[in-house]
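Asker: Okay, handing you the structure first.
Here, each number is a calculation from the coordinates, and none is a lab measurement. Here the structure is a predicted model, which is why all the values come from computation and not from measurement. Backbone-built Cβ (ideal geometry, glycine too); neighbour counts: all protein chains shown.
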Amino acid sequence: MSSITVSVPASDNSILDNGQGVIDPDVYFQINQPPANLSEFETKLSAFVDLHKEQGNKVVLITSGGTTVPLENQTVRFIDNFSNGTRGATSAEYFLEAGYAVVFMHRQNSIQPYHRHFTHSHLGFLDYFEAKEDGSVQACPQYADKMRKVLLKYSEAKKSNRLLMLDFVTLSDYLFKLQAGTKILSRLGERAMYYLAAAVSDFFIPSQKMVEHKIQSREGGLTLTLDQVPKFLKPLVSNWASKGLIVSFKLETDTALLVPKARQALTRYGHQVVIGNMLKTRKQTVTLITRESEKVLSLTPEQLESNIEIESKIITELVQIHEYWMSSGHTK
Ligand code: PMT
């Protein structure tokens, strides 16, 4: 049986990197191919942003789900991560309820706002419906009420053109779209919020180092060498989206690291908010950190029992922070 060993040494891109084995974000865009649908992505997003700019609406760009890292140029295999997009999809609904227009930039086939109530439950899609004698299909009576409520909210978001769905798959796809997308949103100035909940790979194989064809198993065990992905928050904060409110996420598995690493990110990148969450408790507690404050948001067992979602608390806080940011250019 073949085994896979993943080793992560410094890059050998000595001409291109910063001396620490990490290439510059600008160089990344020069040496990797943009996705084929980038201009379609830009056209759709531009039209959405211009519409909401004209209407004076606040717009949030939500990134959601995980990026893949292909192992072959003609990709059969790739590295993925655990994120299924619950955080982003749930947050999108609360932002829409709070009056925002939402750009939902998500991993293809990950969890989607509103649909999530039915696509990711213990039931399959068809279990919600029954075929009637008269040839029609209708929602089973026990689910109809919930379906109607969710459907009305979804229809309203679509009718008012306040939900734009855009997808990505690979790391490269994500990074090109993140750069293009944040630059387009920056037309909105302070009225834009960037809510970076996607789980972005920290390691990748540059396309020029990747094999073209499917890796053959007959050659025995496989050792992969991955380069480090440059941190894109730096140019995002300084150049691409400098006026909007930028919220990044920090995921940890060691509690002792959570707040220090979040603070380090705020200092290093100079943005406004980091939301810290632990892998195991991310659905019931998060810590919202700004340069001036630190607030733990948690759900009680009773709230969890009655299906209250932590994102309802996160978005309530962020809406207030954004209001203050728009009026003063600061966070409290
Ligand atoms: O989707 P779910 O299953 O609901 O899970 C939600 C979540 C746990 C994925 C989400 O809440 C979360 O924490 N998302 C961020 C996870 C993460 O990638 O953390 P990080 O420490 O690797 O990155 C921190 C920040 O740096 C991120 O906001 C990311 O946008 C940014 N980053 C990451 C990599 C990279 N090369 N450049 C970056 O700028």
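Asker: Looking at region 167-191, which of its residues are more than 20 Å from GLN30 (Cβ to Cβ), among the aliphatic types (A, V, I, L, M) and either within 16 Å of the ligand (Cβ to nearest atom) or more than 19 Å from the chain's Cα centre (by Cα) (or both)?
Answerer: VAL169, LEU185, LEU188
Asker: If you don't mind, another one. Check every one of the strands (runs of 3 or more DSSP E) wholly within region 273-332 and list those with 1 or more residues that are under 26 Å from ARG191 (Cβ atoms) and in contact with a Phe, Trp or Tyr (Cβ under 7 Å, 6 or more places away or on another chain). Break it down into steps so the answer makes sense when it comes.
Answerer: Numbers: elements: 273-278, 285-289, 294-298.
By residue number, 273-278.
Asker: Let me ask another. Out of the strands (runs of 3 or more DSSP E) lying entirely within region 90-170, which hold 1 or more residues that are out of contact with any Pro (no Cβ under 6 Å at 6 or more places or on another chain), without any contact (Cβ under 8 Å) to a residue 40 or more places away in the chain and at negative phi?
Answerer: 129-131, 137-139
Asker: In region 242-269, which residues are surrounded by 19 or more Cβ atoms within 10 Å (Cβ to Cβ) and more than 12 Å from the ligand (Cβ to nearest atom)?
Answerer: Selection gives GLY244, LEU245.
Asker: Could you tell me whether any residue of region 50-65 is surrounded by 13 or more Cβ atoms within 10 Å (Cβ to Cβ), at positive phi and within 16 Å of the ligand (Cβ to nearest atom)?
Answerer: Yes - at least one qualifying residue is present in region 50-65.
Asker: Restricting to region 73-89, give me the number of residues that are assigned to a loop (DSSP other than H, G, I, E, B) and within 15 Å of the ligand (Cβ to nearest atom).
Answerer: 6
Asker: Where residues in region 126-163 are touching a helix residue (DSSP H, G or I) at 6+ places or on another chain (Cβ under 8 Å) and closer than 13 Å to TYR114 by Cα, which of them is surrounded by the fewest Cβ atoms within 10 Å (Cβ to Cβ)?
Answerer: Result: LYS146.
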